[in-house]
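The values are calculated or read from the model by the stated rules, or taken from the named source; none is laboratory data. The structure presented is a predicted model; accordingly, all values stated were derived computationally and were not measured. All Cβ positions, even for glycine, are placed from backbone atoms using ideal geometry, and neighbour counts span all protein chains on display.
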Amino acid sequence: MKHIIGLIILFSTFVQYSSFAQDKPIENLKTEDFRRLRFGYYIDFNFVGAKMEYLPTPTGTPFRINVKQKPSFGVGLLADYRIHEFINIRFHPGVAFVEREINFPFSEEDLSKALVNRNVKSNYVRFPIGIKFNARRIRNVRPYLMVSFSTNINISSEENNSEDNESGTFRMKERMNAWEFAIGTEIYLPYFKFTPSVHGVFALNNELVPDKNPTSIYTQYISTMRSRGVFLRFTFE
């Protein structure tokens, strides 16, 4: 994860250095930023875990589960509307295929033995809209920051499934709202604009659907579960 982010930063720095190093640098796509409306597409790789909050147990021993991130991916489209030289409105819907491994600190047969593992797959149909703040263009690069709000529909949530953890099914709510923050660098190539960026996603609502049994050993001490993730995105405009 850290190595991938480092490679993106290194690549962006190299492109910027190359632009300055040219005696007569050529500015690609000179009129691109003056277009009122632009479209594009992206692919990304995501690492999504969860922030867990717990209730106290009768014995005072903390109840904890481990949510392990698994590398996943997503695709999407974007529509970008220019309202100012340094401000854009961007709608960037997509689909994110998320996989997590949830480890309970006990087994169903013996609470002192092996873990119970749930491999949870969440397929989110995502609808983020954001405000993009652009820096001034320097040769063929332009950094930016973006803040977005998104509504995400988890089509594999199992929210209405009659089975729960007692039958091996970990259930999550279908709808998840989130704040998203991104930093990236637009790179102007001769025929298109390529943008590597890093996005942080922070769910606002509780996504956990408790088991039907209020004394379930799996969920009775879990207060909230909110997704937290990093998306490494590559955009083509």
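Summed over segment 110-167, residues that are more than 26 Å from the chain's Cα centre (by Cα), of a type outside the set (D, E, K, R) and under 22 Å from Tyr41 (Cα atoms) total 1.
If we keep just the residues of segment 175-227 that are of a type in the set (S, T, N, Q) and part of a loop (DSSP other than H, G, I, E, B), which is nearest to Met146 (Cα to Cα)? That would be Asn205.
With in contact with a Leu (Cβ under 8 Å, 6 or more places away or on another chain), exposed (fewer than 14 other Cβ atoms within 10 Å of the Cβ), at pLDDT below 95 and not in a strand (DSSP E or B) as the only criterion, which of Ser107, Ser112, Ser162 stands out?
Within the list Ser107, Ser112, Ser162, the selection yields Ser107.
Please specify each residue of segment 123-154 satisfying the condition of being β-branched (Val, Ile, Thr) and out of contact with any helix residue (DSSP H, G or I) (no Cβ under 6 Å at 6 or more places or on another chain). First the steps, then the outcome.
So the first thing to find is which residues in segment 123-154 are β-branched (Val, Ile, Thr), and the list is 125, 129, 131, 138, 141, 147, 151, 153.
Val125, Ile129, Ile131, Ile138, Val147, Thr151, Ile153, listed by residue number.
Here Ala135 meets the list (1) touching a Pro at 6+ places or on another chain (Cβ under 6 Å); (2) within 30 Å of Tyr218 (Cβ to Cβ) almost entirely, failing just condition (2).
Residues checked against (1) of a type outside the set (S, T, N, Q); (2) assigned to a loop (DSSP other than H, G, I, E, B); (3) surrounded by 12 or more Cβ atoms within 10 Å (Cβ to Cβ); (4) at pLDDT below 90:
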| residue | (1), (2), (3), (4) |
| --- | --- |
| Tyr17 | yes, no, no, yes |
| Asp23 | yes, yes, no, yes |
| Val48 | yes, no, yes, no |
| Pro58 | yes, yes, no, yes |
| Val67 | yes, no, yes, no |
| Gly76 | yes, no, yes, no |
| Tyr81 | yes, no, yes, no |
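Does Ser223 count as touching a residue at least 60 places away in the same chain (Cβ under 8 Å) and polar (S, T, N, Q)? Break it down into steps so the answer makes sense when it comes.
Values: touching a residue at least 60 places away in the same chain (Cβ under 8 Å): yes; polar (S, T, N, Q): yes.
So Ser223 fits the description; yes.
Lys193 fulfils the conditions (1) within 15 Å of the chain's Cα centre (by Cα); (2) surrounded by 18 or more Cβ atoms within 10 Å (Cβ to Cβ) except for a single criterion, (1).
With respect to the conditions (1) touching a helix residue (DSSP H, G or I) at 6+ places or on another chain (Cβ under 8 Å); (2) at pLDDT 95 or above, Arg118 lacks only one, and its number is (2).
Remark: Pro214 matches the filter, which requires a residue to be free of Cβ contacts under 8 Å to residues at least 12 places away in the same chain and either on the phi < 0 side of the Ramachandran plot or among the charged types (D, E, K, R) (or both).
Inspect all residues belonging to segment 179-188 and state whether any of them is out of contact with any Lys or Arg (no Cβ under 6 Å at 6 or more places or on another chain) and under 20 Å from Met52 (Cα atoms).
Narrowing segment 179-188 to residues out of contact with any Lys or Arg (no Cβ under 6 Å at 6 or more places or on another chain): 179-185, 187-188.
Now narrow it down to the ones that are under 20 Å from Met52 (Cα atoms): 179-180.
Scanning segment 179-188, I find at least one residue that is out of contact with any Lys or Arg (no Cβ under 6 Å at 6 or more places or on another chain) and under 20 Å from Met52 (Cα atoms), so the answer is yes.
Residue-level analysis places Val98 outside the set of residues that are exposed (fewer than 14 other Cβ atoms within 10 Å of the Cβ), of a type in the set (A, V, I, L, M, F, W, C) and out of contact with any Cys (no Cβ under 8 Å at 6 or more places or on another chain).
If the condition is being in contact with an Asp or Glu (Cβ under 7 Å, 6 or more places away or on another chain) and modelled with pLDDT of 90 or more, then segment 165-183 contributes Asn165, Thr169, Arg171, Met172, Lys173, Glu174, Met176. In segment 165-186, what residues are crowded, with 20+ Cβ neighbours inside 10 Å and closer than 20 Å to Thr235 by Cα? Residues satisfying the conditions are Glu180, Ala182, Gly184, Thr185, Glu186.
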